[in-house]
Amino acid sequence: MQRTLGRTAALVSIAASAYFLVAAIAAQAFNPQYDFYRDYISDYAVGPLGWIYGSAFWASCVGCIALALALRQSVPPAALSRVGVVLLGVVGLTYAVDYVFPTDILPPGAPPKTLIGLIHLLDALVGWVLFVISALLLSRPLGNAAYWKPWRAALTGLAWLSLALLIALVAVVVSRAPFGGLAEKAFILERNVWALVFATLAFKSPRAVAK
């Protein structure tokens, strides 16, 4: 039962990551008024076609929670960070909050003008930071399991890269450079690559495959 649950959860996470990428591309294609380099991706969830990227928020929510469950079922206890799993689940919930409290559409680096916009920004920042911490916690102990050991370096490297991209994003936003949207998209893309790789490995894990 646990093996079946682990594979199912991993498959849901893979599908959610794939859907997110499709929805993000579609949101850009159908919202040409937004500048790919300057505008933040949350802007795409505002307006008549906001439901396209809005659905991507929910995909990320489901995907993170499903991945947390998949890892709980698929990674041996000695190689699993339980704190990392919990934080990953919390990250999933932050996407739901981001959807409920949409962003204010602002110039690069400008502070929110409404309480709802402020909640969105603070929630996004919390989710980003918690994701990086979770990714580092979950990736580092993988060397304690034979199946996961060969992938430890790659997943840990992706986790550190997410930290570097987050720091770069904050620096770009603070400086009000006109390419904050690009910096944010790079961080989000890398984050989804980490989740997709981890979910795929969880799906193929010996603990998740029924014998």
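The values are calculated or read from the model by the stated rules, or taken from the named source; none is laboratory data. Remember, it's a predicted structure, so these values are computed and weren't measured experimentally. Cβ: placed from backbone, ideal geometry, glycine included. Neighbour counts: every protein chain shown. These area figures cover heavy atoms from the full protein model, side chains too; ligands, DNA and RNA do not enter into them. Shrake-Rupley method; radii C 1.70, N 1.55, O 1.52, S 1.80 Å.
Semi-axis lengths, largest first, of the ellipsoid equivalent to the chain are 31, 18, 14 Å, with √(5λ) applied to each eigenvalue of the Cα gyration tensor. Once the mean of 1/r is taken over each pair of separate Cα atoms and inverted, the range 1-88 shows a Kirkwood hydrodynamic radius of 14.3 Å. Taking a straight line from the alpha carbon of LYS204, these lysines sit under 19 Å away, with near neighbours fewer than eight places off in the same chain left out: LYS149. Along each principal axis, taking the top coordinate minus the bottom one, the Cα set of the range 44-147 gives 49, 24, 18 Å in descending order. With contacts taken as Cα pairs under 8 Å and at least 6 residues apart, the range 104-211 reaches a relative contact order of 26 percent.
If you plug the beta carbon distance of VAL174 and VAL22 into 1/(1 + (r/R0)^6) with R0 = 35 Å, you get a FRET efficiency near 0.65. Entry note, the chain: relative contact order of 31 percent, from Cα contacts under 8 Å with a spacing of 6+ residues.
Spin-label model, LEU106/VAL83: points 7 Å from Cα along the beta carbon direction are separated by 3.2 nm. Computed from backbone phi with θ = phi - 60° and the Karplus coefficients 6.51, -1.76 and 1.60, the 3J(HN,Hα) list for the range 76-93 is x, x, 5, 10, 10, 8, 5, 5, x, 5, 4, 5, 5, x, 5, 4, x, 5 Hz; x is used for glycine and proline. Helical content of the chain, expressed as a calculated mean residue ellipticity at 222 nm, amounts to -25000 deg cm²/dmol (DSSP H runs of 4 or more residues, -39,500 (n - 2.57) each, divided by residue number, nearest 500). What net charge do the residues around THR114 carry, taking every other residue with its C-beta under 15 Å from that of THR114, with Lys and Arg at +1 and Asp and Glu at -1? Counting the neighbours of THR114, the net charge comes to -3. Across the range 100-115, rounded Karplus estimates of 3J(HN,Hα) from the backbone phi angles (6.51 cos²θ - 1.76 cosθ + 1.60, θ = phi - 60°) give 5, 10, x, 6, 7, 7, 9, x, x, x, 6, x, x, 9, 10, 5 Hz, Gly and Pro being marked x. With protein chains left intact and a 1.4 Å probe, residues in the range 157-211 average 47 Å² of accessible area per residue. Here the simple spin-label model places points 7 Å from the Cα toward Cβ, and for LEU115 and LEU189 these points are separated by 3.8 nm. What the Cβ-Cβ distance of ASP35 and ALA164 gives, at R0 = 35 Å and to the nearest 0.05, is a FRET efficiency of 0.90. Positive contributions from Lys and Arg (+1) and negative ones from Asp and Glu (-1), summed over other residues with Cβ under 11 Å from the Cβ of VAL75, come out at +3. Ignoring aspartates and glutamates fewer than eight residues from LYS113 along the same chain, the ones with Cα atoms less than 18 angstrom from its Cα are ASP39, ASP43, ASP98, ASP104, ASP123. Computing the accessible area with a 1.4 Å probe over protein heavy atoms, can you report the carbon and sulfur percentage for the range 1-149? Exposed carbon and sulfur together represent 73 percent of the surface.
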